[in-house]
Amino acid sequence: MSVLVFIEDGDELAQQALSFARAYGGEIDAIAFGSAPEVSGVRTLHVAQIEGGYAPQAWARAIASLSPTTVVAAGTDRGNEVLAHAAVMTGGVFAANVIRASGDEVTRQRWGGSLLEEARLHGDVRLMTVAPHAVAIETADGQPSVETFTPALESGDLVAQVVDRVQESTGGISLADAPVVVSGGRGVGSAEGFAPIEELAELLGAAVGCSRAVTMAGWRPHTDQVGQTGTKIAPDIYIACGISGATQHMAGCKGAKKVLAINDDPEAAILANADYAVIGDLAEIVPAITAEIRRARSGR
Ligand SMILES: Cc1cc2nc3c(=O)[nH]c(=O)nc-3n(C[C@H](O)[C@H](O)[C@H](O)COP(=O)(O)OP(=O)(O)OC[C@H]3O[C@@H](n4cnc5c(N)ncnc54)[C@H](O)[C@@H]3O)c2cc1C
């Protein structure tokens, strides 16, 4: 038996998908697009050449052309989209956000991780995406042999394709990978109220995040949203300012190693998930933290 792992790029989530595949058992092959990422512990790395940018159906066609029996990918937007197409093309069965698998039995996250489902995959071809930050990375040695190929596409495979990318200005720190994230919720009060949060984030080399209440109010773009329907983050520290801690929000930050909550409500749900809490008005506390860090750094 072999497991084919779709590598979007050689990042942490790809390493988690590879670790999951190794634990599942069998030889590990991988597929990537365009150029060969750095991977180890893989027998053959197939590098598909497809003209243009990301094209979910065409990428799935490349996966299907390798006639896999088990396919694993990181549970990212692209991982889930490509494997859903590949499941249709191979006549396989697909389970998203899996955290454990053995044979045809899988345990997977539902409802943003607030529910674990035991399921069985009935089918000759099994496709699984791995819930982000739910699997520990286990590295393996050995360089793959790299095989480049051009998959035969069908008409329509390139109808949906990324043709341009416009990068939001985030100060160079991506929310998904930032080691520190400072987020604001409805308690921030307005778009302008984010100025002290941005100042603190800049001082800490952090990314700015927010809750859905904030994106719904139009104070921040959806790319800043943390949660079930936003970005899943796993920083070393998550500083949540004026966020109540709804399950849909916590689904996006439960990978955080430490949570500091700043909230004026001592009964706020987020306090149950916080390692540290400051109870009070964030409009006073956030600037006070910024001032104290500046004071400590200046040695005064
Ligand atoms: C299908 C679905 C998907 C969803 N996906 C997401 C998601 O991805 N991400 C997400 O965040 N939400 C999501 N939600 C919404 C979620 O249920 C909550 O409504 C949302 O997270 C609440 O945002 P909030 O904590 O900012 O606001 P609120 O719940 O209104 O909380 C505001 C908090 O700020 C505190 N506060 C107020 N003023 C101050 C002050 N001056 N100083 C300090 N604290 C103050 C209050 O005590 C309160 O705790 C989803 C909901 C649904 C139904």
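Computed quantities for the displayed model
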{"quantity": "Potential extension, Ala23-Lys258 segment - 0.36 nm per residue separation minus Cα distance", "calculated": "81.8 nm"}
{"quantity": "Neighbourhood charge, 13 Å Cβ-Cβ cut-off, centred on Val3 and excluding it, Lys, Arg +1 and Asp, Glu -1", "calculated": "+1"}
{"quantity": "Residues whose placed amide H lies under 5 Å from that of Leu175, excluding near-sequence neighbours", "calculated": "none"}
{"quantity": "FRET efficiency estimate (nearest 0.05) - Cβ-Cβ, Thr44 to Glu199, R0 45 angstrom", "calculated": "0.35"}
{"quantity": "Taking Met216, Met128 and counting other C-beta atoms within 10 Å, the order from fewest to most", "calculated": "Met216, Met128"}
{"quantity": "D (Stokes-Einstein, µm²/s), Kirkwood Cα radius, segment 249-300, 1.306 mPa s at 10 °C", "calculated": "128 µm²/s"}
{"quantity": "Fraction of alpha-carbon pairs over 22 Å apart in segment 123-278 - percent", "calculated": "51 percent"}
{"quantity": "Crossing angle, helix 12-24 versus the chain [Cα axis fit, 0-90 degrees, rounded to tens]", "calculated": "50 degrees"}
{"quantity": "Local electrostatic count at Leu203 - Lys and Arg +1, Asp and Glu -1, tallied over other residues with Cβ under 14 Å", "calculated": "-1"}
{"quantity": "Along each principal axis, Cα extent of the chain, largest first, Å", "calculated": "61, 39, 38"}
{"quantity": "Principal-axis tilt of helix 195-204 within the chain, Cα atoms, nearest 10 degrees", "calculated": "70 degrees"}
{"quantity": "Among Val93, Val286, Val188, residue whose mean-square fluctuation peaks in a GNM of the chain (springs only between Cα atoms under 10 Å)", "calculated": "Val286"}
{"quantity": "Distance between segment 114-177 and segment 185-250 - C-alpha centres, whole angstrom", "calculated": "26 Å"}
{"quantity": "Crossing angle, helix 282-298 versus the chain [Cα axis fit, 0-90 degrees, rounded to tens]", "calculated": "90 degrees"}
{"quantity": "Order of Ser155, Ser19 - criterion: other Cβ atoms within 10 Å of each residue's Cβ, fewest first", "calculated": "Ser155, Ser19"}
{"quantity": "Rounded FRET efficiency, nearest 0.05, which uses the C-beta distance separating Leu115 from Arg297 and R0 of 45 Å", "calculated": "0.55"}
{"quantity": "For the chain, built as a Gaussian network whose Cα springs stay under 10 Å, the top-fluctuating residue of Ala277, Ala131, Ala160", "calculated": "Ala160"}
{"quantity": "Binned Cα-Cα distance frequencies in segment 25-140 - 5 Å width, integer %", "calculated": "2, 11, 21, 24, 22, 13, 6, 1, 0"}
{"quantity": "Proxy reagent accessibility, fewest Cβ within 10 Å first, across Thr129, Thr44", "calculated": "Thr44, Thr129"}
{"quantity": "Mean Cβ neighbour count within 10 Å, used as a protection proxy, ranking 50-61, 69-80 highest first", "calculated": "69-80, 50-61"}
{"quantity": "Calculated FRET efficiency for the pair Ser155/Ala288, C-beta based, R₀ 51 Å, to 0.05", "calculated": "0.25"}
{"quantity": "Helical contribution to [θ] at 222 nm, DSSP H n ≥ 4, -39,500 (n - 2.57), averaged over the chain, rounded to 500", "calculated": "-7500 deg cm²/dmol"}
{"quantity": "Distant-in-sequence amide H partners of Val259 (H built 1.01 Å from N, under 5 Å)", "calculated": "Tyr238, Asp275, Tyr276"}
{"quantity": "Spacing of the two label points (7 Å from each Cα toward its C-beta) at Asp124 and Asp177, in nm", "calculated": "4.0 nm"}
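Since every read-out is calculated from the coordinates, none of them should be taken as a lab result. Nothing here was measured: the structure is a model prediction, and the numbers come from that model. No Cβ is skipped: glycine too gets one built from the backbone with ideal geometry, and neighbour counts run over all protein chains shown.
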